[in-house]
Amino acid sequence: MRLRRKADTIDLLQGKERIVLDAKQWKGRWSELFQHPSAPIHAELGMGKGRFISELARLHPDMNFIGMDRYEELIRRAYDKALAVGDGEMPGNLVLVRANVEYIDDMFAESELSRIYLNHSDPWPKKRHENRRLTHPRFMHKYMQILKPDGEIHLKTDAASLFEYSLNVFAEMNLPMRQIRLNLHADGTPPNHVFTEYEQKFVNEGLPIYRVEVCMNNGAGS
Ligand SMILES: C[S@@+](CC[C@H](N)C(=O)[O-])C[C@H]1O[C@@H](n2cnc3c(N)ncnc32)[C@H](O)[C@@H]1O
């Protein structure tokens, strides 16, 4: 995603409630940021402009959500969406984080998350870039550490190559999979479905969306 960096973006985000620019400082303490600290935390890694995570926050006020992206300009755009959802204020169950997934194990304590969403992650189709894919085993081991023993990863993508690769990684790690879909919208959009920006674009173009849910299986088989 190409973005022009606006000089004042960091100034605009700095000090805002539930906007985090120093993720590592919150390791083990994320629940303190939410209005209902005891609710489970679900995080979207690489949220882009934030449509999906802000809509989830609106639909599920009893759950806590984190949207993460590495570009502050995207945090700013997601912030605008969050304000729209929260009638001018950041919803009490949503935190937006500028951070690189690469360092996710420095940002979250063991079992701090209940679910991770990977939506239309960059596919990195070239073999030499395999270890950049967000479902590469080196990332999976980090996710398994920070997810609860019964935690889940929900993945959707337009990229058949990333989907096939990810299913193989999950299978090799003996992680149980369910709800595997090779064309999620083939028979119409599922009820209560929440779109991401990328998903909407690809569905409008008539392209299939692949989806799978993975269970953490208490770290067994890793
Ligand atoms: C193709 S976009 C998908 C955005 C959104 N999830 C959607 O489905 O519309 C991928 C996003 O992941 C972010 N991203 C890629 N690698 C990342 C990383 N290592 N850490 C944080 N964000 C990352 C990019 O900045 C981009 O916003």
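The values are calculated or read from the model by the stated rules, or taken from the named source; none is laboratory data. Owing to the predicted nature of the structure, the values given are computational and were not obtained by experimental measurement. Glycine gets a Cβ as well: all are built from the backbone with ideal geometry, and neighbour counts include every protein chain shown. Quick note on the areas: whole protein, heavy atoms, side chains included, nothing else; ligands and nucleic acids left out. Shrake-Rupley method; radii C 1.70, N 1.55, O 1.52, S 1.80 Å.
In table form, for the structure just shown:
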item: Amide H partners (placed H, <5 Å) of residue 47, local residues excluded; result: 68, 69
item: Backbone HN-Hα couplings from phi across region 18-28 [Karplus 6.51/-1.76/1.60, Hz, Gly and Pro as x]; result: 6, 10, 10, 10, 10, 3, 4, 5, 9, 3, x
item: Enclosed volume per residue, in Å³, of the convex hull spanned by Cα atoms of region 26-219; result: 118
item: Residue 49 accessible area, assembled protein chains, probe 1.4 Å, Å²; result: 70
item: Two-site label geometry, residue 200 and residue 128: point separation in nm, points 7 Å out along Cα→Cβ; result: 3.7
item: With every protein chain in place, the chain: carbon and sulfur % of accessible area (1.4 Å); result: 46
item: Residue-averaged [θ]222 nm for the chain, counting only DSSP H segments that reach four residues, each worth -39500 (n - 2.57); result: -8000 deg cm²/dmol
item: Surface per residue (accessible, 1.4 Å probe) for the chain, Å²; result: 50
item: Rounded, prolate or oblate (a/c below 1.5 giving rounded, otherwise prolate when a/b exceeds b/c) for region 16-65 by Cα gyration tensor; result: oblate
item: Which of 88, 71, 114, positive extreme of dipole for region 26-219 (C-beta unit charges); result: 71
item: Residue 165 accessible area, assembled protein chains, probe 1.4 Å, Å²; result: 40
item: Distance (nanometres) between label positions extended 7 Å along Cα→Cβ at residue 22 and residue 161; result: 4.0
item: Alpha carbon centroid spacing (whole Å) that separates region 37-61 from region 72-87; result: 12
item: Tensor-based shape of region 57-113 (alpha-carbon gyration tensor, a/c under 1.5 rounded, otherwise prolate or oblate); result: oblate
item: Theoretical FRET efficiency, 1/(1+(r/R0)^6), r = Cβ-Cβ of residue 70 and residue 172, R0 30 Å, to 0.05; result: 0.65
item: Global form of region 115-200, assessed from the alpha-carbon gyration tensor, a/c cut-off 1.5; result: oblate
item: Counted charge near residue 131, where neighbours are those whose Cβ lies closer than 12 Å (Asp, Glu -1; Lys, Arg +1); result: +4
item: Computed over region 26-219: relative contact order in percent, which uses C-alpha pairs under 8 Å that are six or more apart; result: 21
item: C-alpha center-to-center spacing [region 138-176, region 187-201] in angstrom; result: 21
